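First comes the structure, then the notes that go with it.
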Amino acid sequence: MTRNIIGIIGGSGLYDLPGLADTRWLTVDTPWGAPSDQLFRGRLGDAELVFLPRHGRGHRIPPGEVNYRANIAALKMQGVTDVLSLSAVGGLRADLDPGTFVVVDQFIDRTFAREKSFFGSGLVAHVSMAQPVCARLGDHVQAALAARGVPHVRGGCYLAMEGPQFSTLAESQLYRSWNCSVIGMTNMPEAKLAREAELCYCSVAMVTDFDCWHPAHDAVTVDAIIRVLLANAANAQGLVAALAAALSTDASGAACRCRRALRHALITAPEHRDPALVERLRAIAGRVL
């Protein structure tokens, strides 16, 4: 059985889990530079976990300056097979109260100033993003949230904005008209790069407050948001522990389509491929090169 190694992308405190053993911080360099921080690796029961603080410890890096390519490549180079992405978001639907976890199944990418692919001139590839997250991982996440009694919704569209400013009222209303569920700044191009790296990827969006479309948005206090963030963090830790237990016995991952995303994606003929780019790409696409 292929061993599943779980990568967790999220806040700095996620790795403070009871029972986490054999822990160490690892410095990983990638062909795309350094990731947001060192990677924190450990074992929880029979599961191997690799944590990456998306914004660096202390939240030092704004969304538009995160080196998403290095982050995904670093996880891939550590042998990660499954990625759980956790992020704080604003709610775009009246039924998604603060504290709700949304197991995202679609994205609209409105970012515009970020490197979005490992591939480029010299080796062109086109992966499918029709179903941008892994349904197998989503099933495990949904079961874990339900077992813990965490308010959650399976399915929803994540509007990824460039930031770092929040949206205008007109933009917020527009995104609601597109049937988006939540709005955030970090899941793109993260999800696209995970697909190119043939990683199973699941996004869990944790609602902290309503976006500015909501009439009561301006009345939300910092104290209220902090209370939600603390509750979300505790629930996220529980989710990570439950997911680790579930994936440690899941033998179906090896057959997942996510792990064969590059099977028909490479377009450039072998004799026309840039050797330097090919060498660079071995870190994430060695299986097909």
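All of the numbers you see were taken from the coordinates with simple rules; none came from a lab. Everything numeric here is computed off the predicted structure, so don't read it as measured data. For neighbour counting, all protein chains shown are included, and Cβ atoms are generated from backbone atoms with ideal geometry for every residue, glycine included.
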In nanometres, what is the gap between the two model label sites at His264 and Ile225, each 7 Å from Cα along Cα-to-Cβ? 4.6 nm
Pair Ala255, Gln131: separation of 7 Å Cα→Cβ label points (nm): 1.4 nm
Among Ile267, Cys212, Gly33, pick out the residue whose Cα is farthest towards the positive end of the charge dipole of the chain, where Lys and Arg carry +1 and Asp and Glu carry -1 on C-beta, about the Cα centre. Ile267
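Just to confirm a number: summing +1 for Lys and Arg and -1 for Asp and Glu over residues other than Arg263 whose beta-carbon lies under 15 angstrom from that of Arg263, what do you get? Could the numbers behind the result be given before it?
Details: positive: Arg195, Arg257, Arg259, Arg260, Arg287; negative: Glu196, Glu198.
Around Arg263, the charge tally is +3.
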C-alpha center-to-center spacing [the range 74-148, the range 37-56] in angstrom: 18 Å
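Counting Lys and Arg as +1 and Asp and Glu as -1, what is the net charge of the other residues whose Cβ lies under 14 Å from the Cβ of Arg227? All intermediate terms of the calculation are to be shown ahead of the outcome.
On the way: positive: none; negative: Asp97, Asp209, Asp223.
Once positives and negatives cancel, what remains is -3.
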Environment charge at Ile61 (Cβ cut-off 9 Å; Lys +1, Arg +1, Asp -1, Glu -1): 0
Where is the GNM fluctuation largest for the chain (alpha-carbon springs, 10 angstrom cutoff): Ala251, Ala73, Ala144? Ala251
Taking amide H positions as placed in the peptide plane 1.01 Å from N, state which residues far from Leu123 in sequence (5 or more) or on other chains have amide H under 5 Å from it. Asp274
With each pseudo-label sitting 7 Å past Cα toward Cβ, what's the Gln173-Ala94 distance in nm, one decimal? 1.6 nm
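Report, for the chain, the % of DSSP beta bridges that are antiparallel, rounded to 5. Spell out each step's value before the answer.
Values: 17 of 48 bridges.
So the antiparallel bridges in the chain amount to around 35 percent.
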Using the Karplus curve 6.51 cos²θ - 1.76 cosθ + 1.60 with θ = phi - 60°, what ³J(HN,Hα) values do you get for each residue of the range 62-70, in whole Hz, with x for Gly and Pro? x, x, x, 10, 5, 8, 4, 5, 5
